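**Q** Handing you a structure now.
The values are calculated or read from the model by the stated rules, or taken from the named source; none is laboratory data. None of the values given here were measured: they were computed from a predicted structure. Virtual Cβ from ideal backbone geometry, glycine too; neighbours counted across all protein chains shown. Each accessible area value is taken on the protein alone, full model and side chains, heavy atoms only, with ligands, DNA and RNA left out. Shrake-Rupley method; radii C 1.70, N 1.55, O 1.52, S 1.80 Å.
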Amino acid sequence: MREVVARAKSGVPVLGICNGFQILTEAGLLPGALMRNTNLKYICKDVYLKVESNDSPFMRNYSQGQVVRIPIAHHDGNYFADAETLKRVEGEGQVAFRYCSPGGDVNGAANPNGSQGNIAGIFNEGRTVLGMMPHPERLADPLLGGTDGRPMFEGLMQYSAIN
């Protein structure tokens, strides 16, 4: 992890999905923590996410406000941060995705795990580190049943080609 932290601090994009998100918070690269789902059960299903910000190498191929379908598969996906941290993350636009309804409504019914503010993914302050609980790699090819996750990986490849 020392090398991952060093690279992240030098501006290299770092993506942590599911347990990788947990590791990024534990390593101090992202604020907050991931706790047990509020229902205390493992959840594996497709959910809908609202793109909150497309200002990063990861999100450049999404539109702000776009709704995408991405699978989740976790037991500890409940994003938590103290009130001050949550206020900062919200205020500085570090929320990448929020759980939402298929129509884009962000509400408690669309929140599968109890995450504060329906947060499904966050950035670091420089938007070069992204942690998210949903699995975009599981919907990155038509053979997998959809391509809503593909723009994330294409954006990273485009960013890498020019940097």
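Let's see how each residue does on (1) hydroxyl-bearing (Ser, Thr, Tyr); (2) farther than 12 Å from VAL47 by Cα:
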position	(1), (2)
TYR62	yes, yes
GLY65	no, yes
PRO71	no, no
ALA83	no, yes
PHE97	no, no
ASP105	no, yes
ALA120	no, no
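**Q** Write out, first by first residue and then by second, each pair whose Cβ atoms fall under 8 Å of each other, whose residues are 6+ apart or on separate chains, and whose first residue, in the range 92-121, is closer than 12 Å to GLY65 by Cα and among the charged types (D, E, K, R) while the second is assigned to a strand (DSSP E or B) and open to solvent by less than 30 Å² (accessible area, probe 1.4 Å).
**A** Partner pairs satisfying both residue conditions: ARG98/LEU49; ARG98/ILE119; ARG98/ALA120.
**Q** Got at least one residue in the range 5-27 being touching a Gly at 6+ places or on another chain (Cβ under 8 Å), under 23 Å from ALA83 (Cα atoms), buried (at least 21 other Cβ atoms within 10 Å of the Cβ) and among the aliphatic types (A, V, I, L, M)?
**A** Checked against the condition, which is being touching a Gly at 6+ places or on another chain (Cβ under 8 Å), under 23 Å from ALA83 (Cα atoms), buried (at least 21 other Cβ atoms within 10 Å of the Cβ) and among the aliphatic types (A, V, I, L, M), the range 5-27 yields at least one hit.
**Q** Name the residues in the range 32-55 that are surrounded by fewer than 19 Cβ atoms within 10 Å (Cβ to Cβ), closer than 18 Å to PHE80 by Cα and not β-branched (Val, Ile, Thr), would you?
**A** ALA33, MET35, ARG36, ASN39, LEU40, LYS41, TYR42
**Q** Mind telling me which of the residues LEU130, LEU86 ends up being modelled with pLDDT of 95 or more, closer than 23 Å to HIS75 by Cβ, among the aliphatic types (A, V, I, L, M) and open to solvent by 30 Å² or more (accessible area, probe 1.4 Å)?
**A** Exactly one of LEU130, LEU86 is modelled with pLDDT of 95 or more, closer than 23 Å to HIS75 by Cβ, among the aliphatic types (A, V, I, L, M) and open to solvent by 30 Å² or more (accessible area, probe 1.4 Å), namely LEU86.
**Q** Could you please find all residues in the range 141-152 being open to solvent by 20 Å² or more (accessible area, probe 1.4 Å) and among the small types (Gly, Ala, Ser)?
**A** Scanning the range 141-152 gives a single hit, GLY145.
**Q** Identify, please: which residue in the range 89-106 is closer than 15 Å to LEU49 by Cα and of a type in the set (Gly, Ala, Ser) and is, among those, surrounded by the most Cβ atoms within 10 Å (Cβ to Cβ)?
**A** Filtering first and then ranking leaves ALA96.
**Q** Can you go through ASN113, ASN124, ASN78 and tell me which one is closer than 21 Å to ARG36 by Cα, in contact with a strand residue (DSSP E or B) (Cβ under 9 Å, 6 or more places away or on another chain) and either of a type in the set (Phe, Trp, Tyr) or open to solvent by 10 Å² or more (accessible area, probe 1.4 Å) (or both)?
**A** One residue alone meets the criteria, ASN78.
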